[in-house]
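Okay, structure first, notes after.
The values are calculated or read from the model by the stated rules, or taken from the named source; none is laboratory data. Note that the structure is predicted; figures quoted are calculated from it, not measured. All Cβ positions, glycine included, derive from the backbone under ideal geometry; neighbour counts span all protein chains shown. Note: areas computed on protein heavy atoms with side chains; ligands, DNA, RNA excluded. Shrake-Rupley method; radii C 1.70, N 1.55, O 1.52, S 1.80 Å.
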Amino acid sequence: MNTQIVYVLVSSEKDVFLEELWVSVWSLRQYEPDVTVNVIVDEPTAKRVNANNELMSLVTNVVVADVPEKYFPKERSREIKTRIRELIKGDFFYIDTDTVVCKPLTEIDNCDYDVAGIPDSNVFLKDNPFAGGMVGSVKQIFGSDLSNCEYLINGGVIYAKDNEVAHELFRRWNKNWRYSCFQKGNSQDQPALWQSDHEMGNVIKLLPDIYNSQVAMSLQYFADAAIVHFLHMNFIPDQSYSPYLCLKIYKDIKAAGTLTSEIKDKIINCKSSFAPLTIPVGRDQLLFLFTPMGKSFVQIYKDGGVASWLMLKIGKWLERFHKITHKITHKIK
């Protein structure tokens, strides 16, 4: 593979981001042993990475970016991510750390686009259950209406050539992110990416979805995935059905200080790592579970006790009531 890989890492002992990187790079090396791997970091993170000999054996270059010391860690990470194009020479393929590579990535060398990625949640905007919030965030921050866009890109995997189009997109992304973060109080990087692409007339084109299978939101491309993206979904209270989504595998690595043979086996077989009773849900169930009521019901049911018993009783009553009213309404029609 000739296209270089890029990761961004800002990490301390208080988190497991370094362990996420470790998993992703190790999985990458199983399929692309000779590819150039650049890890862009801030100064404190550079010390942690350089001190980890096992991780360093997998990395080609550690690039230290100049980042304002006053920035919080998340802000430092986003500042670096939106500046990748100026920090790295040559075409690159950026990958988030919360990923596992499951196939060779050589086909990326054939990409002819200036910039390319995969739609957020692996669906076009019209089918995205969070489209309202996504479009609304850009409207609130920048005043732009993106509701007619065909897709909005997930920032977890991005291909970029070393040309003026890509450089201009990243310049705008960094500028828009700084405005979003420090003027509007939104430190997320994706609204600024969507706004930047909108300003340039939608220059970000599409890669095959297998290069960013966002398994927490869509299973459509999971079986054939080249990169599985275990999204950080903090609004789901219990993700113990996956050692990646609940972060257990990364915590185990931190505790062991190495990738044990057992952990390596779990990385290679990440697609089989889900708990036995893990089932897919459809759109309606998904939308309900992400509402405040849905999340509350799940938590109450999990906690048990009187509240759980009462909720189930009321649920049965509501089900009967709905059947009766539905039958009456149907007869009237």
Say whether the condition of being touching a residue at least 24 places away in the same chain (Cβ under 8 Å) and of a type in the set (D, E) is met by at least one residue in the stretch 113-131.
yes
Condition (residue is in contact with a strand residue (DSSP E or B) (Cβ under 9 Å, 6 or more places away or on another chain), of a type in the set (K, R) and over 27 Å from I279 (Cα atoms)) applied to the stretch 203-224: is it met by at least one residue?
yes
Checked P191, P243, P237 against criteria (part of a helix (DSSP H, G or I) and not hydroxyl-bearing (S, T, Y)); the one match is P191
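Kindly evaluate Y211 against the criterion of being of a type outside the set (V, I, T), in contact with a helix residue (DSSP H, G or I) (Cβ under 7 Å, 6 or more places away or on another chain), touching a residue at least 12 places away in the same chain (Cβ under 8 Å) and crowded, with 19+ Cβ neighbours inside 10 Å.
Details: of a type outside the set (V, I, T): yes; in contact with a helix residue (DSSP H, G or I) (Cβ under 7 Å, 6 or more places away or on another chain): no; touching a residue at least 12 places away in the same chain (Cβ under 8 Å): yes; crowded, with 19+ Cβ neighbours inside 10 Å: yes.
For Y211, the condition - of a type outside the set (V, I, T), in contact with a helix residue (DSSP H, G or I) (Cβ under 7 Å, 6 or more places away or on another chain), touching a residue at least 12 places away in the same chain (Cβ under 8 Å) and crowded, with 19+ Cβ neighbours inside 10 Å - is not met.
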Just a yes or no: is a residue in the stretch 169-178 modelled with pLDDT of 95 or more, under 21 Å from the mean Cα position of the chain (by Cα) and either among the hydroxyl-bearing types (S, T, Y) or closer than 18 Å to Q214 by Cβ (or both)?
no
How many residues does the stretch 242-275 contain that are open to solvent by 70 Å² or more (accessible area, probe 1.4 Å), without any contact (Cβ under 8 Å) to a residue 40 or more places away in the chain and either farther than 15 Å from V101 by Cα or β-branched (V, I, T) (or both)?
4
Filtering the stretch 26-38 down to residues that are over 15 Å from F92 (Cβ atoms) and either assigned to a strand (DSSP E or B) or open to solvent by less than 10 Å² (accessible area, probe 1.4 Å) (or both) yields S27
Looking at this structure, is K74 under 17 Å from the mean Cα position of the chain (by Cα) and surrounded by fewer than 19 Cβ atoms within 10 Å (Cβ to Cβ)?
yes
Scope the stretch 133-170; condition touching a residue at least 12 places away in the same chain (Cβ under 8 Å), open to solvent by 50 Å² or more (accessible area, probe 1.4 Å) and within 20 Å of Q183 (Cβ to Cβ); matching residues
Q140
So, first residue over 19 Å from I249 (Cβ atoms) and in a loop (DSSP other than H, G, I, E, B) in the stretch 1-19, second residue among the β-branched types (V, I, T) and open to solvent by 20 Å² or more (accessible area, probe 1.4 Å), Cβ within less than 6 Å, six or more apart or across chains; the pairs are M1/T106
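Being surrounded by 19 or more Cβ atoms within 10 Å (Cβ to Cβ) and at pLDDT 95 or above narrows it down to one residue among L87, L55; which is it?
Numbers: L87 fails: surrounded by 19 or more Cβ atoms within 10 Å (Cβ to Cβ).
It is L55.
Can you tell me which residue within the stretch 291-318, out of those that are of a type in the set (D, E, K, R) and modelled with pLDDT of 75 or more, is farthest from G132 (Cα to Cα)? First the steps, then the outcome.
Going residue by residue through the stretch 291-318, those that are of a type in the set (D, E, K, R) are 295, 302-303, 313, 316.
When the remaining residues are screened for being modelled with pLDDT of 75 or more, the result is 303, 313, 316.
On the way: D303: 32, K313: 34, K316: 32 Å.
Step by step, filter the stretch 291-318, then rank; the result is K313.
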Find the residue count for the stretch 249-279, including only residues that are within 23 Å of D15 (Cβ to Cβ) and part of a helix (DSSP H, G or I).
14
Residue pairs meeting the criteria (Cβ under 9 Å; at least 6 apart or on separate chains; first within 17 Å of S296 (Cα to Cα), in the stretch 307-327; second part of a helix (DSSP H, G or I) and aromatic (F, W, Y)):
S308/Y301; M311/F297; M311/Y301; L312/Y301; G315/F297
All-but-one check, T99 against (1) within 16 Å of the chain's Cα centre (by Cα); (2) open to solvent by less than 50 Å² (accessible area, probe 1.4 Å); (3) farther than 15 Å from V37 by Cα, failing number (3)
Picked from the stretch 1-25 (must be polar (S, T, N, Q) and surrounded by fewer than 21 Cβ atoms within 10 Å (Cβ to Cβ)), the residue farthest from Y94 (Cα to Cα) is S12
Could we say that A216 is modelled with pLDDT under 95 and either under 23 Å from K74 (Cα atoms) or in a helix (DSSP H, G or I) (or both) here?
yes
Matching residues in the stretch 182-208 - criterion: being hydrophobic (A, V, I, L, M, F, W, C) and either surrounded by 22 or more Cβ atoms within 10 Å (Cβ to Cβ) or within 18 Å of Y113 (Cβ to Cβ) (or both):
A192, L193, W194, M200, V203, I204, L206, L207
On the basis of being of a type in the set (K, R) and in contact (Cβ under 8 Å) with a residue 60 or more places away in the chain, does K74 make the cut?
yes
